1. How many residues does region A:1-25 contain that are more than 11 Å from chain B (Cβ to nearest Cβ) and part of a strand (DSSP E or B)?
2. Scan B:C26, B:C12 and give me the residue that is surrounded by 15 or more Cβ atoms within 10 Å (Cβ to Cβ) and at pLDDT below 90.
3. Do we find a residue being out of contact with any Gly (no Cβ under 7 Å at 6 or more places or on another chain) and among the hydroxyl-bearing types (S, T, Y) anywhere in region A:131-140?
4. How many residues are away from chain B (no Cβ under 11 Å), assigned to a loop (DSSP other than H, G, I, E, B) and out of contact with any Lys or Arg (no Cβ under 8 Å at 6 or more places or on another chain) if we restrict to region A:258-293?
5. Scan (1) closer than 25 Å to A:G245 by Cα; (2) touching a helix residue (DSSP H, G or I) at 6+ places or on another chain (Cβ under 7 Å); (3) at pLDDT below 95 for the single condition A:I189 breaks and write down its number.
6. Quick one: count up the residues across region A:207-244 that are within 25 Å of A:A183 (Cβ to Cβ), touching a strand residue (DSSP E or B) at 6+ places or on another chain (Cβ under 8 Å) and within 14 Å of chain B (Cβ to nearest Cβ).
7. Are any residues in region A:26-42 assigned to a helix (DSSP H, G or I) and either within 13 Å of chain B (Cβ to nearest Cβ) or within 27 Å of B:V297 (Cα to Cα) (or both), and if so, which ones?
8. Just one of the numbered conditions (1) out of contact with any Ser or Thr (no Cβ under 7 Å at 6 or more places or on another chain); (2) away from ligand 2 (no atom under 16 Å from the Cβ); (3) closer than 19 Å to B:E52 by Cα is not true of B:C284; which one?
Amino acid sequence: MSVEFAGRKLANPVFTASGTCGYADELADFMDVNALGGFITKSITLKPRRGNPTPRIVETDAGMLNAIGLANVGLERFIAEKLPLIAKMEPAVFVNVAGTTIEEYVAVVERLAGEKALAGFELNISCPNVKKGGISFGIDPAQVEEITRAVKKACRSKVLIVKLTPTVTDISVTARAAIAGGADALSLINTFTAMVIDIETRRPVLANRTGGLSGPAVRPIAVYLVNKVYREVAREAGIPILGLGGIRTASDAIEFLIAGATAVAVGTASFIEPDCATQIVGGLHDYCVRKRIASPAELTGTLAGPA
Amino acid sequence: MTQKHESRKKGCHAATVLSNVRAGECFWKMRLRFSGEAAGAFARFRPGQFIEFDTSDLAIPATESIPNALRDGARRSVLLRRPFSFSDVAVQGDATLADLLYCVVGPASLRMTTLRAGDVASLIGPLGNGFTVPAGKRTALLVVGGMGLPPIRCLARLLSTEHKDVEAIAFIGARTVASLPLEERPAAFDGGLSLSVPTFATLGVHSMVATDDGSAGHRGPVTECLARWLQENVDRDRESLIVYACGPERMLEAVAQIAAERDIDCQVSMERRMACGIGLCQSCAIECRVEDSTETVYKLCCQDGPVFDAREVVFGAETA
Ligand SMILES: Cc1cc2nc3c(=O)[nH]c(=O)nc-3n(C[C@H](O)[C@H](O)[C@H](O)COP(=O)(O)OP(=O)(O)OC[C@H]3O[C@@H](n4cnc5c(N)ncnc54)[C@H](O)[C@@H]3O)c2cc1C
Ligand SMILES: Cc1cc2nc3c(=O)[nH]c(=O)nc-3n(C[C@H](O)[C@H](O)[C@H](O)COP(=O)(O)O)c2cc1C
Ligand code: FES
């Protein structure tokens, strides 16, 4: 079941996604976190962030909107309280990094780049729920390249994944920019900016007005975008894709692999079935046995038919 | 601060539905049975703790039986689990029985009504921190607003069995008589303190009813009953008193203020929209004061609560 991802050998290609699996200890009651291929922390910022007022979430058909606002303990408390536990984990651990300026991103990565227990970083330049930073970096190709380059320098030997937003006209343009800046891998997608209105009060339900749409509702779009980036950019550049968006089952995960992803991540689905990601590892294994495939890596980018 | 005393043994469990019936104009009652490992986990359930119920693969009722106001909502698919408290938990041999009282307000609770005896439900729990009974308390004032009843009723049971030295008095409020989530209606509602409400009387707990429209008991907010009782009992040692409340946030705010003015301990059970209930998503933020400071922080309702010390909470954040 092992795959190679940006030069790292992973026990399997299944990750849990940033912001949906806490700092791992929360999930430990429900599954063996060591059965995962990779783990991505909640976004970490230089200073602690309170996050947005509530309501921060609302459910929609086959999905949900969230506007958490990058609430997190901040770099120092992360190092003191969360890192020791995470360091003991077997899966490849990536710290998801967010900020409002390039300097903030760089400061977090510099501080953590020497941590042996970490496989690397995931650059969140795609959060739709903060006023400054986040998605504003991720929609401008010039800024994507600049921030990727700056962070990559601070990364030392660690793997740098750049997480792309789907809320752009052509995601291949931002994918190219990230690769030009030195990204070792791309992850897509982050959530889609969306709104739900309470018709009694005629107000947006979320205190932040808008939120990011995730869950099964976004999956076919995410599969399409992964395939697009794979065909137009990543395959040729030899850059692996971490595919995510609405994955709930092994079948969903396999779709992403066929579309061009080297690994997949489970987000919203963990809220409903906390052990969803490890169940997918099992289902993926069964599929590989049934199809006589030695490694899920053989599935990557095997979409048949005309391009 | 409320203490953390629960074992961390939470998990994803199956429960068998023993019964699921409409129990009043506005609410249903479901009895669940846990066996095996789950029976052990829920035997230690504390009043105020909660579970996350999966309704995503349940059927919707026949269109005729869907209230008009819910017809649009009923068409929405359900993805996330929903948080619910238990109103009673009892160990019976190797099994643990739990009662869930629920209001039908949207797609998830509507689907719950289609569960039948013998069906199996998936739920995660026990979650969060329940009510605590600090040493030295003699009188517990239980304040209920509408569907805030279940955890308070569960607490009344605990007090009557494990804290016999604590006298409990219940103040039960609702908008109107029809929205009182009581299984057995008293023959006549008493605005004064009496054993007229069977739900509490069977536990030996005196109670008082208030409705906003005066259709039962005292006309006006239930907090007036609480304030009046405290006025009539000013001579009691405030250290021996404790207030427990669950209901709409506005009511909790008023209760907290009444308790704070008299410097009486008060624990409130808070509600937030929860995507996970287990600390993964950060959706359930509650603004809390930091001791000896003007600063506030966000705590998580599902992990740090849902029961909070009322002095800690900055109310009014969620008015939706
Ligand atoms: C710790 C906890 C314990 C609970 N215990 C019980 C219980 O014992 N019995 C019971 O009947 N209910 C209880 N609830 C409330 C219950 O979770 C909701 O009624 C349920 O989620 C409704 O789901 P639905 O799909 O039927 O309706 P939805 O469509 O989700 O909601 C119906 C309406 O209520 C609003 N709403 C939903 N959740 C909230 C919220 N948290 N705060 C403010 N507005 C909201 C929605 O906007 C909508 O207008 C509890 C909630 C919490 C957090
Ligand atoms: C509640 C919630 C919080 C999230 N927080 C973060 C975050 O802190 N950083 C980040 O890069 N992505 C965050 N995401 C986005 C997810 O990692 C993922 O990209 C997105 O939800 C799509 O996958 P899904 O449909 O499987 O959830 C969050 C998503 C949700 C639902
Ligand atoms: S509901 Fe997800 S953290 Fe509280």
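1. 8
2. On the way: B:C12 fails: at pLDDT below 90.
After ruling out the rest, the residue left standing is B:C26.
3. If we filter region A:131-140 for residues that are out of contact with any Gly (no Cβ under 7 Å at 6 or more places or on another chain), which is where we start, we get A:131-132, A:134-140.
Keeping just the survivors that are among the hydroxyl-bearing types (S, T, Y) gives A:136.
Yes, because at least one residue in region A:131-140 is out of contact with any Gly (no Cβ under 7 Å at 6 or more places or on another chain) and among the hydroxyl-bearing types (S, T, Y).
4. So the count comes out to 5.
5. A:I189 satisfies all of (1) closer than 25 Å to A:G245 by Cα; (2) touching a helix residue (DSSP H, G or I) at 6+ places or on another chain (Cβ under 7 Å); (3) at pLDDT below 95 except (3).
6. 4
7. To start, the set of residues in region A:26-42 that are assigned to a helix (DSSP H, G or I) comprises A:33-35.
Once the filter is applied, which keeps residues that are assigned to a helix (DSSP H, G or I) and either within 13 Å of chain B (Cβ to nearest Cβ) or within 27 Å of B:V297 (Cα to Cα) (or both), region A:26-42 yields only A:V33.
8. (2)
The values are calculated or read from the model by the stated rules, or taken from the named source; none is laboratory data. What you see is a predicted model; the values in this text were computed from it and never measured. Because the Cβ atoms are built from the backbone with ideal geometry, glycine has one as well, and the counts that use them run over all protein chains shown.
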